[in-house]
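Since every read-out is calculated from the coordinates, none of them should be taken as a lab result. Being a predicted model, the structure only gives us computed values, none of them experimental. Counting neighbours? That spans all protein chains shown, and the Cβs are built from the backbone with ideal geometry, glycine included.
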Amino acid sequence: MRVYEHSSLCIDFIKEHDYFLVKRIVTNITKENEYKEAINNWRIACEKYKPTKHLVDYSEYSFSITPEFQQYLDNHLMKPLYKAGLKKIAFLLSHDLFAQLSIEETMQKETGKMFEISYFDDFEEAKKWLLATSSNNLFTV
């Protein structure tokens, strides 16, 4: 079920497996207010549906996340997602090296360590890992 759609972000709730499929589609610098609006709507959807897992597809994302936006994500998305019950995140990484590194750097922040996280370049492998029984290992690469 589609719960949010924007030109830079699409979120589907896969209820039978209790996860959000999040597709990030940013190929150029997004205006700050559009970026914040998309992040806010992502947070609102999580607070409403309370999925325990996310599969975040950054494969077409080619935008480096600035330190300011990393901090914004940490405070306005990651902390609220943790409070809403998110436990596990699989990332399908960007083909753009700088975007990939900025995504990983964002998740290295303190709140990113509250989740079980893994990174993939194959969608099916990411989904398989996400749906597998969680381990006690909170941070994996």
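Quick notes on this one:
- Each label point was placed 7 Å from the Cα along the Cα-to-Cβ direction; for ILE25 and ASN41 their separation is 1.2 nm.
- With the cut-off at under 15 Å, measuring from each backbone N in segment 6-22 to a point 7 Å along the Cα-to-Cβ line of LYS87 picks out 17-20.
- Distance (nanometres) between label positions extended 7 Å along Cα→Cβ at ASN75 and MET114: 1.5
- One decimal place: the segment ASP121-THR66 gains 17.5 nm when fully extended, by the rule 0.36 nm per residue minus the C-alpha distance.
- Put in order of Cβ neighbour count within 10 Å, fewest first, the listed residues TYR19, TYR72 become TYR72, TYR19.
- Taking ILE14, ILE117 and counting other C-beta atoms within 10 Å, the order from fewest to most: ILE14, ILE117
- Residue order, fewest to most surrounding Cβ atoms within 10 angstrom, among MET78, MET1: MET1, MET78
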